[in-house]
Amino acid sequence: MGKVSNQVHYRITPKRKLLDLNFPEIWKYRDLLFLFVRRDIITVYKQTILGPLWYLIQPLLTALTFTLVFNNIAEIPTGKVPPFLFNLVGITAWNYFSQCLTGTSNIFRANAEIFGKVYFPRIITPIASVITMLFKFGIQLGIVIVVYIFLLSGGFHIHPNLKLFLLPVYILIMALSGLGLGLIVSSVTIKYRDFGFLVGFAVSLLLYISAVPYPLKEVENKIPEYAWIVNYNPLAHVMEGFRYIILNTGTFNWAWFVFSFVFSIILFLTGLVLFNRSEKIFIDTV
Amino acid sequence: MKSILIAENISKQYRLGVIGTGNIRHDLKRWWYLKRGKEDPFIKIGEKNRQDTKASGDYVWALKDINFEVKPGEILGIIGKNGAGKSTLLKILSRITAPTTGSIEVRGRISSLLEVGTGFHRELTGRENIFMNGAVLGMTKREIKTKLDEIIDFSGCERYIDTPVKRYSSGMTVRLGFAVAAHLEPDILVVDEVLAVGDAEFQKKAIGKMNTLSSDSGRTILFVSHNMDAVKSLCQRGLVLHNGEVDFAGEARESVDHYLSNYRRIPQIQNKINESHRRHKNSRALELLSISSSHNDLHTRSRMCFDVLIRKNKNITFPVCLTGTIMNFSDMEIGSFFSEEIYVHQEESTINLTIADHNLAPGSYYINLTISKGSLKNAHLSEVDHAFEAISFEIEMKERNEYFVNWKKNWGQIYFPSEVKLKTDI
């Protein structure tokens with residue numbers, strides 16, 4: 001006969017708590033987290049000819065397009081930094097944020113099958129998605145470095161800022177805001193699918209008010225009456241700051257840095273609470 | 001002995017109909033009530049989960065005040081009609097969805113098996129999928145590693161273990177999935193009718209494995225099934241659900257009997273075919289409308305006659321074939337019949353179905369009917385419409401077959417006519 005411990009392992013009850021993250025349990029499932037990440041990385045480019053090269057082609061081509069449109073046609077100045085590198089850095093940062101966002105925003109629908117059949121801490125899936133994106137981001141940061149070195153040897157005077165040590169914090173801010181927003185969208189989408197459609201084009205529009213293809217200060221110069229839209233957008237300061245520490249271009253301001261950081265934490269916590277609520281009702285509404 | 005699992009007052013409420021505009025209003029109202037510390041305004045309403053009547057309210061109780069306990073090492077069978085609440089209870093036990101009220105106390109590690117091969121990815125190899133599936137079911141990498149050889153061996157997929165599972169046959173995929181599941185080591189295992197998939201040999205293997213799990217290592221198992229024979233042979237105790245409530249709890253055998261005698265009423269004289277008889281989608285170019293019997297008392301080797309009314313919904317030119325499977329009330333397939341090719345011309349027509357010389361032993365049976373395109377000759381039948389539990393019949397014991405007066409259960413369901421002569425020297 002099986003032994004029965006006196007201790008109640010857990011209790012299945014109607015859940016009403018605002019936030020119950022069971023950290024020991026999440027830790028117990030760390031192998032699953034790792035396997036999800038591995039699966040997502042190795043299965044995406046199966047049966048493609050170029051394989052992981054796609055990780056490189058997308059940012060390079062986008063940077064090229066931006067350079068042609070914004071710098072050559074629209075003549076937006078990028079200071080001493082070559083426009084191509086300026087755009088590449090911006091796009092790399094933006095890609096990480098936007099992919100964290102889109103990757104987690106449909107987490108429920110993408111995993112409906114598996115969520116309906118087996119229990120594991122649901123939060124594992126969005127975390128896995130963010131880590132997968134981090135891997136991609138690492139590769140893309142690698143190209144930035146290659147282009148950087150190439151341009152340096154080509155005689156351009158570019159160098160990172162001393163505040164480069166803030167890089168991990170910037171990555172964290174991007175991950176937290178992307179994840180937080182994604183979790184919020186995913187939670188709302190399970191009942192009202194309209195938001196799923198919204199995300200697709202909202203992200204591509206958001207790019208333009210987040211100072212990705214232009215320096216923050218250019219908005220002040222060109223359209224001062226609308227500059228507040230960009231100025232009060234925490235993401236714009238993340239993009240500007242990210243470029244600042246890597247390329248030593250643009251502006252940096254500790255107040256805005258802290259603002260973006262706090263903002264990302266608030267987004268993340270809000271997302272977590274909503275996600276926590278949705279994971280319990282999701283299976284009954286999907 | 002202390003119970004390993006105690007369920008108290010488990011209820012689950014669902015909202016009926018389409019989730020839409022009314023939803024946001026209810027959400028706001030509920031939020032407003034809860035905010036002021038009041039009870040959920042919609043929790044008081046809701047009706048019994050009866051699927052045969054049209055609901056008048058918006059809310060329905062899929063489960064209502066379910067109480068039960070499970071002792072360690074016990075195998076509990078949960079039975080009930082489709083829609084009785086079995087799946088909902090299973091989902092709550094597996095923590096896939098939370099109950100609306102009530103609580104379940106669990107003293108041990110619980111694993112649920114609602115499907116084999118959950119989390120399989122087509123592009124990954126068999127070996128990679130063993131890790132994936134094992135981790136989804138709650139095993140650690142180390143645990144899987146130590147059992148890897150055993151799992152591969154049990155699955156019988158050794159040759160293909162480094163091939164992506166998209167190249168696997170469906171049978172192999174199921175075997176691989178079950179092999180992983182069979183090596184789980186929870187204190188409590190919750191199993192859905194996953195055993196319904198796979199061939200007979202596989203089912204036997206699966207049931208055997210569950211038996212050894214329970215007898216050798218004292219594992220507690222909650223088993224949901226339609227297969228009454230499996231419940232009877234595997235479980236010690238049974239729980240019959242009906243319209244979301246516990247209708248009977250007791251020994252497995254008694255529970256099965258209670259269920260069969262109360263809830264499986266399939267008409268014997270005439271039956272209209274409706275949606276409750278259909279389990280999946282068909283084109284329904286031809287539709288089964290009703291079936292009625294035109295025989296009198298039946299006994300072994302007597303002739304059975306049925307009239308099947310069908311309607312032509314589309315102008316079809318191909319021949320069709322009426323096939324059926326005779327089932328016993330433990331849901332075991334006894335045998336099947338196939339008609340010749342039929343060309344249907346009129347919009348509504350009646351097919352006369354006669355089964356002669358059937359050799360069925362005394363007992364109760366029912367028929368699952370199918371109407372298919374094509375014929376047995378070219379060995380390709382594609383379903384047009386079907387009806388589960390279309391009609392039932394009873395083979396009686398008659399004087400003519402005097403041997404059958406005491407036909408015993410363990411004699412099986414077929415009577416074999418035989419001749420015995422004593423060989424003597426001339």
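Only helical runs count toward this figure. For chain A, summing -39,500 (n - 2.57) over DSSP H runs of n ≥ 4 and dividing by all residues gives -21500 deg cm²/dmol at 222 nm. Given axes a ≥ b ≥ c from the Cα gyration tensor, I'd like to know whether the stretch A:219-286 is rounded (a/c under 1.5), prolate (a/b larger than b/c) or oblate. Because a/c hits 1.5 or more and a/b exceeds b/c, the stretch A:219-286 counts as prolate. Packing here is the average count of other Cβ atoms within 10 Å per residue, and on that basis the peptides B:283-289, A:104-110, highest first, run A:104-110, B:283-289.
Within 10 Å of the Cβ of each residue in A:43-49, the mean number of Cβ atoms contributed by other protein chains is 2. Tally the DSSP beta bridges in the protein assembly as shown and give the antiparallel ones as a percent, rounded to 5. Once the DSSP bridges in the protein assembly as shown are tallied, antiparallel ones form about 75 percent.
Over all orientations, the stretch A:188-244 has a Cα convex hull whose mean projected area works out to 4.7 square nanometres. The ranking of B:HIS183, A:HIS9 by Cβ neighbour count inside 10 Å, starting from the fewest, reads A:HIS9, B:HIS183. Residue by residue along A:109-122, Cβ atoms of other protein chains within 10 Å of the local Cβ number 5 on average.
A simple packing score, the average count of other Cβ atoms within 10 Å per residue, orders the peptides A:273-279, A:94-100, B:344-350, A:158-164 as A:94-100, A:273-279, A:158-164, B:344-350, with the highest score first.
Sorted largest first, the principal axis extents computed over the alpha-carbon atoms of the stretch A:51-285 equal 60, 44, 33 Å. Specify the angular offset, from 0 to 90 degrees and rounded to the nearest 10, of the alpha carbon long axis of helix B:252-263 from the longest principal axis of the alpha carbons in chain B. Helix B:252-263 and the main axis of chain B meet at about 70 degrees. Computed over the protein assembly as shown, the percent of Cα pairs more than 44 Å apart is 41.
Here the stretch B:70-263 has an Rg and Dmax of 17.0, 50 Å, counting Cα atoms alone.
In terms of its C-alpha gyration tensor, chain B comes out prolate, because a/c is 1.5 or above and the ratio a/b outweighs b/c. Compared with the dominant Cα axis of chain A, that is its longest principal axis, helix A:167-189 is turned about 50°. Each of B:MET228, B:MET332 has some number of other Cβ atoms within 10 Å of its Cβ, and from fewest to most they run B:MET332, B:MET228.
Toward the positive end of the charge dipole of the protein assembly as shown, with +1 on the Cβ of Lys and Arg and -1 on the Cβ of Asp and Glu, the farthest Cα among A:LEU198, A:TYR244, B:ALA252 is that of A:TYR244.
Rounded to the nearest 500, the 222 nm mean residue ellipticity of chain B from helices alone is -7500 deg cm²/dmol, with -39,500 (n - 2.57) taken per DSSP H run of at least 4 residues.
Ordering A:GLU225, B:GLU158, A:GLU240 by the number of other Cβ atoms within 10 Å of each residue's own Cβ, fewest first, gives A:GLU225, B:GLU158, A:GLU240. Computed from the alpha carbon atoms alone, the convex hull of the stretch A:2-145 holds 189 Å³ per residue. Within 10 Å of the Cβ of each residue in B:211-223, the mean number of Cβ atoms contributed by other protein chains is 1.
Remark: the stretch B:270-403 projects, on average over all directions, an area of 8.4 nm² (convex hull of Cα atoms).
Read-outs: derived from the displayed coordinates by stated rules, not from any lab. Keep in mind that what you see is a predicted model, and the values were worked out from it rather than measured. When we count neighbours, we look across all protein chains shown, and the Cβ atoms used for this are built from the backbone with ideal geometry, even at glycine.
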